[in-house]
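The values are calculated or read from the model by the stated rules, or taken from the named source; none is laboratory data. Please read all numbers here as calculations on a predicted model, not as lab measurements. For neighbour counting, all protein chains shown are included, and Cβ atoms are generated from backbone atoms with ideal geometry for every residue, glycine included.
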Amino acid sequence: MLLTILVHEGPYNHQASDTAYNFIKAALGKGHEINRIFFYHDGVNNGYNSADPPQDDRNIYKRWSELGKGGIDIVCCIAAAKRRGLKDELLMEGIRISGLGQLADAVLGSDRLVTFG
Amino acid sequence: MLLTILVHEGPYNHQASDTAYNFIKAALGKGHEINRIFFYHDGVNNGYNSADPPQDDRNIYKRWSELGKGGIDIVCCIAAAKRRGLKDELLMEGIRISGLGQLADAVLGSDRLVTFG
Amino acid sequence: MLHTVNKSPFGHSALDECISMAADGATILLIEDGVYAAKAGASYEGKLKAAMGNVKVAALGPDLAARGITACIEGVTVVDYDGFVELVAENKMTAWV
Amino acid sequence: MLHTVNKSPFGHSALDECISMAADGATILLIEDGVYAAKAGASYEGKLKAAMGNVKVAALGPDLAARGITACIEGVTVVDYDGFVELVAENKMTAWV
Amino acid sequence: MDDMKKIMFLMRQAPHGGIYSYEGLETILIFAAFEQDLSMVFVGDGVFALVKGQDTTGIGIKGYIKTYGVLEDYGVEHMYVDKASMEARGLTTDDFAVPVEVVDAATISALMEEQHAVIPY
Amino acid sequence: MDDMKKIMFLMRQAPHGGIYSYEGLETILIFAAFEQDLSMVFVGDGVFALVKGQDTTGIGIKGYIKTYGVLEDYGVEHMYVDKASMEARGLTTDDFAVPVEVVDAATISALMEEQHAVIPY
């Protein structure tokens, strides 16, 4: 099954990023495909390459980056990003900034939209 | 009266930044003094110099920066900032990053703590 | 003590919790989405009126206007940001964020 | 339809709203702070049991464990992330975030 | 069109306290360009977004109540309001800035089941 | 000490769903270094933060229930739990990882009035 994942909240601040990641790992393990991961609202904060979370905790940014480098398309909404301070130079590798059309396109082309927020 | 202002939420995403700013302007107008503005939790997101909010809306980052350049001490919590991606190179002029001791010190030395979140 | 509540009473328990802990004679200032509690004719009106037997309730005028609330429950005082500052000057504050 | 709720029913109206809109036979999956609704012996138990006359209720096991919830209301199915994926594979989803 | 998909936007947040309701509108305007079968459902505090006479001057935030008026032109076929949510908040359709269809929870429930996707804001 | 100030931390958030309860603990540990009269009050979903047996392995988040155990050593004099909040959630003191004082709302109300500052998390 082809899935689009939508994340509405920022990392650490809210559990949504963790749940989305754990869900995605399980979905991939069961042979489903991720069409696109889209970060909207505070979800765009998942894209920063400038964070330095505690060493004894999970690194949410790196986890996303590894999924992105592994071939999953990960997009931060440009309008939400501009409002919040995220820009291309601050993006983790494997994550890109683009428009809301990327969400519409993904939702329409997927079997399921799975929202976390 | 000497006030400490604590902001718990990020700009645009939540109205807390706006209310805090409007409150501070009114307090200064009435002759009160601001001991320190402390950004905690997602409140640290108020410190980014990399944002580009819509031209036809208020610029929350610039408003804080002007208060800071005008002599009000504005601090983003370092632990919260590191988790979220804010660092010195990304700070608006007039805002600094420091520890939670700066909150404790300000609260203990002020007549009032006024929290927005 | 001044208590501020910035969440809608229909969606969040913040105002309920605040009311249960506010001492007699305290003031509750409704701000941001909290001002919906001051709206006349809504289902929270009974609860707010009951609370007003013990506490004073104020609402931030600019937040009421921003939400198109034109009729407040009787007895709710409308204040502007200057009035908010005055309440803080007169009282210590607890924010039910 | 699969509905997910990730807010505590004691602090937020999300689960109430979800229950009011869930069709007969739908599944509500409680995740994150939403799993507190599945806790046995709490004040929401009556409401959840009433809802379970029409809908199936599941709760995410890892979220229950993280919150120290050892006893769920009778009839609540506990699933892991694989079970969550299976529910999504079987149903369209609405998130009551 | 055969390949038109039903997309429902589930609006549950009040305006101004948070940006979710506004950013939700941005999404809908973009989806409109894809010419699908779009509807909005206002539930819970979401119904407050539609209240007329909102004047945000005093809080210094740009208002957006007028945007709801153009949604029909953008192809949003239906704007549904949950009757119970509206009534609990002391509102009637006279309080809204745009025409809406007031429906009960069972109707919304049935509509949800028909959707390709439900996007919550 | 004459110059000791009363600071109350008002804990209203459940753990793990959001970080506010954890970051609140970070604040308290820092305030402890300032040797003031510190208390914590658990109200609403805040009481869930104290529940014993929390195992966060499955969600991949670092747990922090053990930190409550060291607060007394850090000079947190009182940990109050609102009785009504506890009971509504089907909890008793046996469910908590640390000893607490269960008090009613009127007691908390009176304590609040004595504080130099109340900091909410």
Taking the condition of a type in the set (A, V, I, L, M) and touching a residue at least 12 places away in the same chain (Cβ under 8 Å), does B:Leu108 pass? no
Per the list (1) under 12 Å from the mean Cα position of the chain (by Cα); (2) at the interface with chain C (Cβ under 7 Å from one of its Cβ atoms), residue check on E:Ala88 breaks on (1)
Output the number of the condition that D:Asn54 fails; it satisfies all remaining conditions of (1) within 11 Å of chain F (Cβ to nearest Cβ); (2) of a type outside the set (Ser, Thr, Tyr); (3) touching an Asp or Glu at 6+ places or on another chain (Cβ under 7 Å). (1)
Residues of the range F:1-15 satisfying the condition of being surrounded by fewer than 24 Cβ atoms within 10 Å (Cβ to Cβ) and part of a loop (DSSP other than H, G, I, E, B): F:Met1, F:Asp2, F:Asp3, F:Met4, F:Lys5
Out of the residues in the range B:10-32 that are surrounded by fewer than 21 Cβ atoms within 10 Å (Cβ to Cβ) and among the small types (Gly, Ala, Ser), which is farthest from B:Asp57 (Cα to Cα)? B:Gly31
State yes or no: is B:Ile74 crowded, with 18+ Cβ neighbours inside 10 Å and closer than 30 Å to F:Met4 by Cα? yes
Complete set of residues in the range F:87-120 that are among the aliphatic types (A, V, I, L, M), closer than 19 Å to C:Ser13 by Cβ and touching a residue at least 40 places away in the same chain (Cβ under 8 Å): F:Leu91, F:Ile108, F:Met112, F:Val118
Sole residue being part of a helix (DSSP H, G or I), out of contact with any Asp or Glu (no Cβ under 8 Å at 6 or more places or on another chain), at the interface with chain E (Cβ under 10 Å from one of its Cβ atoms) and surrounded by 18 or more Cβ atoms within 10 Å (Cβ to Cβ), chosen from C:Leu64, C:Leu48, C:Leu15: C:Leu64
So, E:Met4, is that one closer than 20 Å to E:Met112 by Cβ and at pLDDT 95 or above or not? no
State whether one or more residues within the range C:74-90 are modelled with pLDDT of 95 or more, buried (at least 20 other Cβ atoms within 10 Å of the Cβ) and more than 22 Å from B:His32 (Cβ to Cβ). yes
If I filter the range E:22-45 for residues that are under 26 Å from C:Leu64 (Cβ atoms), among the small types (Gly, Ala, Ser), within 12 Å of the chain's Cα centre (by Cα) and surrounded by 16 or more Cβ atoms within 10 Å (Cβ to Cβ), do I get at least one hit? yes
For the range B:14-71, give me each residue that is within 13 Å of chain A (Cβ to nearest Cβ), among the basic types (Lys, Arg) and not in a loop (DSSP other than H, G, I, E, B). B:Lys62
Over the range A:72-97, the set of residues in a strand (DSSP E or B) and either within 14 Å of chain B (Cβ to nearest Cβ) or not β-branched (Val, Ile, Thr) (or both) is A:Cys76, A:Cys77, A:Leu91, A:Arg96, A:Ile97
Would you call F:Ile108 within 18 Å of D:Asp33 (Cβ to Cβ) and buried (at least 17 other Cβ atoms within 10 Å of the Cβ)? no
When the range A:98-117 is checked residue by residue, the ones that are buried (at least 20 other Cβ atoms within 10 Å of the Cβ) and facing chain D (nearest Cβ under 9 Å) are A:Arg112, A:Leu113, A:Val114, A:Thr115, A:Phe116, A:Gly117
For the range B:30-56, which positions are in contact (Cβ under 8 Å) with a residue 24 or more places away in the chain and of a type in the set (D, E, K, R)? B:Glu33, B:Arg36, B:Asp42
Residue tally, condition of a type in the set (Ser, Thr, Tyr) and touching a Leu at 6+ places or on another chain (Cβ under 8 Å), over the range A:75-117: 2
The condition of being closer than 18 Å to F:Glu114 by Cα and either in a loop (DSSP other than H, G, I, E, B) or within 13 Å of the chain's Cα centre (by Cα) (or both) holds, among C:Ala37, C:Ala23, C:Ala42, only for C:Ala23
Whether any residue in the range E:88-95 is surrounded by 15 or more Cβ atoms within 10 Å (Cβ to Cβ), over 21 Å from E:Gly17 (Cβ atoms) and not acidic (Asp, Glu) is what I want to check. no
Name every residue in the range D:18-45 that is more than 7 Å from every other protein chain (Cβ to nearest Cβ) and either in contact (Cβ under 8 Å) with a residue 60 or more places away in the chain or within 20 Å of D:Val97 (Cα to Cα) (or both), in order of residue number. D:Cys18, D:Ile19, D:Ala26, D:Thr27, D:Ile28, D:Leu29, D:Leu30, D:Gly34, D:Val35, D:Ala37, D:Ala38, D:Tyr44
If you take the residues in the range D:1-12 that are buried (at least 24 other Cβ atoms within 10 Å of the Cβ) and touching a residue at least 60 places away in the same chain (Cβ under 8 Å), which one is farthest from the other protein chains (Cβ to nearest Cβ)? D:Val5
